[in-house]
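Q: What follows is a single structure, and I will ask about it in a moment.
The values are calculated or read from the model by the stated rules, or taken from the named source; none is laboratory data. Because the structure is predicted, anything quoted here is derived from the model rather than measured. As a convention, Cβ positions derive from the backbone with ideal geometry for all residues, glycine included, and neighbour counts pool all protein chains shown. Keep in mind that these areas ignore ligands, DNA and RNA; they rest on the heavy atoms of the full protein, side chains included. Shrake-Rupley method; radii C 1.70, N 1.55, O 1.52, S 1.80 Å.
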Amino acid sequence: MTGPLDSFGRSINYLRISVTDRCNLRCLYCMPPEGVPQISHGEILSYEEIWTVVQAAAELGICKIRLTGGEPLIRADLPKLIKMISQVEGIEELSLTTNGTFLKKYVQELKQAGLSRVNVSLDTLKPDKFRYITRLGELKTVLEGIEAAKEAGFEPVKINMVVMRGINDDEILDFARMTYEDGWHVRFIELMPFKNVAEFVSSIELQQHISLLGKLEPCASITGNGPAIYYRLAGARGTIGFINPLTEHSFCSRCNRMRLTPDGKLRPCLLGEDEIDLKTPLRNNASVEELKSLILKAVTSKPEHHHLEGGNVRLVNRKMSQIGG
Ligand code: SAM
């Protein structure tokens, strides 16, 4: 479905909602070891408030919702929110991005509540390195979560790997191989320089490296019109996607999304600092029409592109975990 058009003719039909800024992991590129100051509970949108925003967004033609965080599965009773959103008229797809550590525990409830799809973030297949990158996690829990999601009928489960030079770039081929027998759908994400650009690996370099396994044949997206460009290795069941926010010239021209932060700010661009406050109007009993006009204001203020390319690194006012990656 076509969403509202922004000033550059892009149809904005996708809203990513961060349901919490809390996370049980402390990934190197995302959070410092001690975590970041937490948004107080009273500032975080309630499920009813999120649902009200989704209703207004759906009336404008926004039909895809993704729940993220922080770690969305640590927010209490997430299936309740999933059920509420999945019943909103006009919502065609409701998905979840998770670190996978609690997936096995909740997967059946998530399915029953009406979740359509799951993406799991996983940056290494080695237990020691997993602990190094996440500082707190156990690889086994994530692998079990991925299997449980497949068994529960979530298909495809996409695996998102952020590639970091000198940290996990030695595992690129191991991830690519998982698309053969295991049928994984792997997406390599370029590291966005919130912290350290020295570890950046471009997608061109990744593609050259993966070509050691065979030719990467372009293929259609397995689902939706997300940010990745997809390929398949001959004979592989799964696909390989590249998400190139830094090096792909047309990345922003294909952008169809906005983000809602846990404290109710609508962010037209992940890497821009503009935010439109929805929480205050929500708590002042704004009408659906008022919310719709604020959402449209965010749509029309969406910038043409971000400003990270060409080494032009700008500090952002929030950490990734506080925006919702
Ligand atoms: N906890 C959930 C998870 O791990 O998927 C959702 C939140 S996490 C912030 C969402 C995604 O953002 C993850 O795939 C993570 O790898 C990615 N991410 C965080 N910081 C990033 C960065 N600096 N560059 C690229 N991706 C990043």
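Q: One residue is enough: does region 159-171 have a residue meeting the conditions assigned to a loop (DSSP other than H, G, I, E, B) and in contact with a His (Cβ under 6 Å, 6 or more places away or on another chain)?
A: No, the conditions are met nowhere in region 159-171.
Q: With aromatic (Phe, Trp, Tyr), out of contact with any helix residue (DSSP H, G or I) (no Cβ under 7 Å at 6 or more places or on another chain) and either in contact (Cβ under 8 Å) with a residue 12 or more places away in the chain or within 16 Å of the ligand (Cβ to nearest atom) (or both) as the only criterion, which of TYR132, TYR106 stands out?
A: Answer to the check: TYR132.
Q: Conditions: (1) of a type outside the set (D, E, K, R); (2) open to solvent by 20 Å² or more (accessible area, probe 1.4 Å); (3) at pLDDT 95 or above; (4) under 15 Å from the mean Cα position of the chain (by Cα). THR261 meets all but one. Number of the miss?
A: It is condition (2) that THR261 fails.
Q: Go through region 60-97 and give me each residue that's touching a residue at least 40 places away in the same chain (Cβ under 8 Å), within 20 Å of GLY153 (Cβ to Cβ) and within 15 Å of the ligand (Cβ to nearest atom).
A: ILE65, ARG66, LEU67, PRO72, LEU78, THR97
Q: Right, another one. Residues that are closer than 26 Å to PHE154 by Cβ, touching a strand residue (DSSP E or B) at 6+ places or on another chain (Cβ under 9 Å) and open to solvent by 50 Å² or more (accessible area, probe 1.4 Å): list the strands (runs of 3 or more DSSP E) wholly contained in region 187-254 that include at least 1 such residues.
A: It comes to 216-218, 229-233.
Q: Condition (residue is modelled with pLDDT under 95, assigned to a loop (DSSP other than H, G, I, E, B), within 19 Å of the chain's Cα centre (by Cα) and within 28 Å of LYS302 (Cα to Cα)) applied to region 31-41: is it met by at least one residue?
A: The answer is yes; a qualifying residue exists.
Q: If I go through region 67-102 residue by residue, how many of them are open to solvent by less than 20 Å² (accessible area, probe 1.4 Å) and part of a loop (DSSP other than H, G, I, E, B)?
A: 6
Q: Of all residues being among the charged types (D, E, K, R) and more than 12 Å from the ligand (Cβ to nearest atom) in region 114-129, which is nearest to TRP184 (Cα to Cα)? Just the residue, please.
A: Ranking the candidates gives ARG117 first.
Q: Filter region 105-129 down to residues that are under 19 Å from LEU139 (Cβ atoms), part of a loop (DSSP other than H, G, I, E, B) and open to solvent by less than 40 Å² (accessible area, probe 1.4 Å), then give me how many there are.
A: The qualifying residues number 3.
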